[in-house]
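> Here it is: the structure, laid out below.
Bear in mind that the values in this text are calculations on the coordinates, not laboratory data. Since the model is a prediction, treat every value here as computed from it, not as a measurement. Cβ coordinates were reconstructed from backbone atoms using ideal geometry, including for glycine residues, and neighbour counts include every protein chain displayed.
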Amino acid sequence: MNALPPLPACCTPLDASCPLPEALPNTLWLRTRFDPGQLTCDDFQRSGIEAPPNIQRSVAKRQAEFLAGRLCARAALRQLQQLDWVPPIGADRAPIWPDHICGSITHSTGQAAAIVADKQHWQALGMDLENLLSHERAANLAEHILTPAELQRRDQRPPEQHALAVTLTFSIKESLFKTLYPLVHKSFYFEHAEVLEWSPEGQVLMRLLTDLSEEWHHGRELQGQFAVEDDQVLSLIAIKAGA
């Protein structure tokens, strides 16, 4: 198998150090930091990454984050199983992985990451990265993101944790969607799940509030995890094979 092309100047060397509190066995996680200001017109071609038409028409930030995320995903698949695969965008806008692989790609301001695994170990992975909301913005968005019960739980926490509570709830629900959508092929929204509890150490317990399938039904609980680093919240939900 040929060596991968050099990374473009807009991306830092790929980094396998993960800030999450619990490392998942039999997964491959990579991240990079990117600078849209250093993106050049031929970075996609030189990197061997095809930009879909909507990405070609987008602004430099969107192009850089797409490129950075795909570079992480391709390298992760190469390291995991020597696969030469760049996940294309499906009709539902989600990445398309090899049939025996599950994975997730995420990006936020200046950072992108990907995680992949063989389905013999994990049946689904969902990851999301968000900028930590300011206290004012978190307060304005809370009622759009949190259920009434989640709002009550937020108010029981110290005020200095409220912005994190809202950001984490948004992020972990995005991760939940990325995890379950490939399994149920149904859309669901913020009000269809709730965060029951979370700890500053990075553990999250969630519960579904809707029926998505016979297996993923109202009341089903899931564990997740998160980390806060450089004013960004990274969250992850992983479902073991056979779980």
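> Normalised by the residues of the chain, what does the relative contact order come to in percent, with Cα pairs under 8 Å and at least six apart? Don't skip to the end; give the middle numbers.
On the way: 460 pairs, mean separation 43.7, N = 243.
Answer for the chain is 18 percent.
> Where in segment 125-211 are there trypsin sites (Lys or Arg not before Pro) that are in a DSSP coil and have at most 16 other Cβ atoms within 10 angstrom of their Cβ? Don't skip to the answer; put the middle values down first.
Numbers: sites: ARG137, ARG153, ARG154, LYS173, LYS178, LYS186, ARG207; in loops: LYS186.
In loop regions of segment 125-211 (DSSP not H, G, I, E or B), the sparsely surrounded trypsin sites (Lys or Arg not before Pro) are LYS186.
> Looking at segment 78-128, which trypsin sites (Lys or Arg not before Pro) are in a loop (DSSP not H, G, I, E or B) and have at most 12 other Cβ atoms within 10 Å?
On the way: sites: ARG78, ARG93, LYS119; in loops: ARG93, LYS119.
Passing sites in segment 78-128 are ARG93.
> Same structure, new question: Compute the distance in nm between two label points, each set 7 Å from the Cα along the Cα-to-Cβ direction, one at LYS119 and one at GLN161.
3.9 nm
> Hey, another quick one. As a check on your grasp of the helix formula, calculate [θ] at 222 nm for the chain: sum -39500 (n - 2.57) over DSSP H runs of n ≥ 4, divide by the residue count, round to the nearest 500.
Working: 6 runs with 73 residues, N = 243.
The helix contribution divided over the chain gives -9500 deg cm²/dmol.
> Mind checking which helices in the chain clear 18 Å along their axis (Cα) and have mean Kyte-Doolittle hydropathy of -0.5 or more, DSSP H runs only?
On the way: long enough: 60-81 (31 Å, -0.23); 162-184 (32 Å, 0.87).
Length and hydropathy pass: 60-81, 162-184.
> Moving to a separate point now. Determine, for MET1, MET127, the number of other Cβ atoms within 10 Å of each Cβ, and report the residues in order from fewest to most.
Working: MET1 7, MET127 24.
Fewest-to-most ranking of MET1, MET127: MET1, MET127.
> Be a star and scan segment 40-55 for residues whose amide nitrogen sits under 13 Å from the point 7 Å along the Cα-to-Cβ vector of ILE96.
52
> Another one. Relative contact order (percent) for segment 128-240, with alpha-carbon contacts under 8 angstrom and 6 or more residues of separation?
Working: 176 pairs, mean separation 31.9, N = 113.
Across segment 128-240, relative contact order equals 28 percent.
> Okay, moving on. From the C-alpha coordinates alone, can you work out the Kirkwood hydrodynamic radius of segment 128-240, in Å? Intermediate values should be presented prior to the final figure.
On the way: mean 1/r = 0.0710 Å⁻¹.
Evaluated over segment 128-240, this radius sits at 14.1 Å.
> For volume of the Cα convex hull per residue in Å³, which listed value, (i) 110; (ii) 127; (iii) 165, comes from the coordinates shown?
From the options (i) 110; (ii) 127; (iii) 165, the structure gives (ii).
> Using the count of nearby Cβ atoms within 10 Å as a rough guide to exposure, how do LEU129, LEU183 rank from fewest to most?
Details: LEU129 22, LEU183 15.
Lowest to highest Cβ neighbour count: LEU183, LEU129.
> Return the sequence-ordered ³J(HN,Hα) values of segment 82-93 in whole Hz as given by the Karplus equation 6.51 cos²θ - 1.76 cosθ + 1.60 applied to θ = phi - 60°, using x for Gly and Pro.
Rounded to whole hertz, the list is 6, 8, 9, 8, 10, x, x, 8, x, 4, 8, 6.
> Okay, next question. As an exercise, identify the GluC sites (Glu not before Pro) in segment 144-196 lying in DSSP coil whose Cβ has no more than 14 other Cβ atoms within 10 Å. Walk me through the numbers before you get to the answer.
Numbers: sites: GLU150, GLU160, GLU174, GLU191, GLU194; in loops: none.
Counting only loop positions with at most 14 other Cβ atoms within 10 Å, none of the GluC sites (Glu not before Pro) in segment 144-196 qualifies.
> Going by C-beta contacts inside 10 Å, put ASP99, ASP84, ASP128 in order with the fewest on the left. Don't skip to the answer; put the middle values down first.
Values: ASP99 6, ASP84 11, ASP128 25.
By the 10 Å Cβ count, ascending: ASP99, ASP84, ASP128.
> Compute the distance from the alpha-carbon center of segment 55-76 to that of segment 135-167, in whole Å.
Centre-to-centre (Cα) distance: 31 Å.
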